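Chemist: Once you've had a glance at the structure underneath, I'll fire off some questions.
The values are calculated or read from the model by the stated rules, or taken from the named source; none is laboratory data. The structure displayed is predicted, hence computed values, not measured ones. Neighbour counts are summed over all protein chains in view; Cβ atoms, including those assigned to glycine, are modelled from backbone coordinates with ideal geometry.
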Amino acid sequence: MVNVADSVRQAENMGIVYEKIDFDPSALAAYIRDTVDDLAEGVARLVKNRDIEQIRGHARFIESNQVYVDGANTIVRFSHAVIATIRINELPENLGTDPDSGVWTSDQALTVPEIPSSLLVIGGGYIGLEIGQAFAGLGSRVTLVEAAPHLLAAADPDLVQTVIKQCKKQFETVHLNSRITEITKNDAGFSVKIVTENGEITGDFSRILAATGRRANTTDLGLSALGIDTNEQGLIPVDDQCRTVLPHIFAIGDITPGPALAHKAVRQARVAAETIAGKKSAYDNVSVPAVLFTRPEIAWTGLTETAAKKNRIPVTVGKFPLTALGRAKAWAGPKGL
Ligand SMILES: Cc1cc2nc3c(=O)[nH]c(=O)nc-3n(C[C@H](O)[C@H](O)[C@H](O)COP(=O)(O)OP(=O)(O)OC[C@H]3O[C@@H](n4cnc5c(N)ncnc54)[C@H](O)[C@@H]3O)c2cc1C
């Protein structure tokens, strides 16, 4: 929807003029719900067509070959298991745990409970940027605070620059090397103290998005009784075949160390399935694409330039600007938007 609105705004250059673009938050929320429901139904159909039985509930290991599924009140016995229980959103301790406080996790923000007049985004990773840019497109005044000196730490800096340029146009302010020191709730929202590179400032915001990272969802799985340890981030270490320390129990996706990105999860799922089926398979993270749905979108595969240089691997950089691409120019997207 934000993309559509941006296209409408750009269309003015092409002579298509709208008096005013407005948003109806409840219609937008319904559109998001319908889209998610459609996708979920599509996946449910794929599952059914493959004769996979779906049991809804919270699964917990009770033996090395059994899980108990709360909610369905059933025990499932297995010869092999794959754990894919994601990293979950959690509000940082200093921001409280009240889901109605006006401090949003990304899950809450994605339901678009409202379009706040001002939004403070804490965290300059892909989640903070994707959601911050979406709300900026909907008309919120967005301020972003990031503790590190850069945004999107995993991507090459020249790619990130293109997103920063866009954020500078869309956001009120981007504070790097900055920290939140105090949040006070008031009638209008929040008063927030931020220590920036240029000293302490205080800002007023209607809503806050906490995009400071997600917690591994491993605490209530019964892993320790099986002898499956997690690392200091709560993630499950796996070998190249995505096996845990128990050779018949695999783990894939966000719950394993490394980036929390969709293509990694998909590739690991394939490796685990092929290994269980007796095929030779291995996860080679160098060939897995990373795609960030920022504006402009960023994607890469293989080593980044930064990682190659760090490992003293010679790099040749080739660049082709979208401004030179006729199709992009005609579509009014010469900056990759
Ligand atoms: C706001 C946001 C933006 C993102 N943007 C990008 C992006 O731009 N690019 C990108 O590549 N990735 C992005 N991601 C990350 C991407 O969504 C994840 O990497 C991917 O979904 C991980 O797949 P998964 O299989 O590990 O987990 P999921 O696809 O989330 O599935 C895990 C499932 O396990 C269920 N579950 C958890 N615990 C239990 C239990 N005990 N019993 C039974 N079921 C359980 C959960 O309910 C959930 O349905 C984004 C994520 C968020 C939140």
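Chemist: For Leu110, indicate whether it is closer than 30 Å to Lys185 by Cβ, within 11 Å of the ligand (Cβ to nearest atom) and aliphatic (A, V, I, L, M).
Modeler: Details: closer than 30 Å to Lys185 by Cβ: yes; within 11 Å of the ligand (Cβ to nearest atom): yes; aliphatic (A, V, I, L, M): yes.
In short, yes.
Chemist: Pick out the one residue from Glu200, Glu182 that is more than 16 Å from the ligand (Cβ to nearest atom) and at pLDDT 90 or above.
Modeler: It is Glu200.
Chemist: Follow-up. Need at least 1 residues that are under 29 Å from Leu223 (Cα atoms) and touching a helix residue (DSSP H, G or I) at 6+ places or on another chain (Cβ under 7 Å) per element, so show me which strands (runs of 3 or more DSSP E) inside segment 30-80 make the cut, counting only ones lying wholly within it.
Modeler: By residue number, 58-63.
Chemist: Next question, about the same structure. Sort out for me the strands (runs of 3 or more DSSP E) sitting completely within segment 138-202 that have 2 or more residues that are under 24 Å from Val317 (Cβ atoms) and without any contact (Cβ under 8 Å) to a residue 24 or more places away in the chain.
Modeler: Output list is empty.
Chemist: Follow-up. Of the numbered conditions (1) surrounded by 12 or more Cβ atoms within 10 Å (Cβ to Cβ); (2) not assigned by TED's automatic domain parsing to the domain that holds Gly189, Gly42 fails exactly one; give the number of that condition.
Modeler: (1)
Results for (1) β-branched (Val, Ile, Thr); (2) closer than 28 Å to Pro296 by Cβ, shown as yes or no for each residue.
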| site | (1), (2) |
| --- | --- |
| Arg9 | no, yes |
| Ile16 | yes, yes |
| Ser26 | no, no |
| Tyr31 | no, yes |
| Asp34 | no, yes |
| Asp37 | no, no |
| Ala40 | no, no |
| Arg45 | no, no |
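Chemist: Follow-up. What strands (runs of 3 or more DSSP E) completely inside segment 217-326 contain at least 3 residues that are surrounded by 14 or more Cβ atoms within 10 Å (Cβ to Cβ), more than 16 Å from the ligand (Cβ to nearest atom) and at pLDDT 95 or above?
Modeler: none
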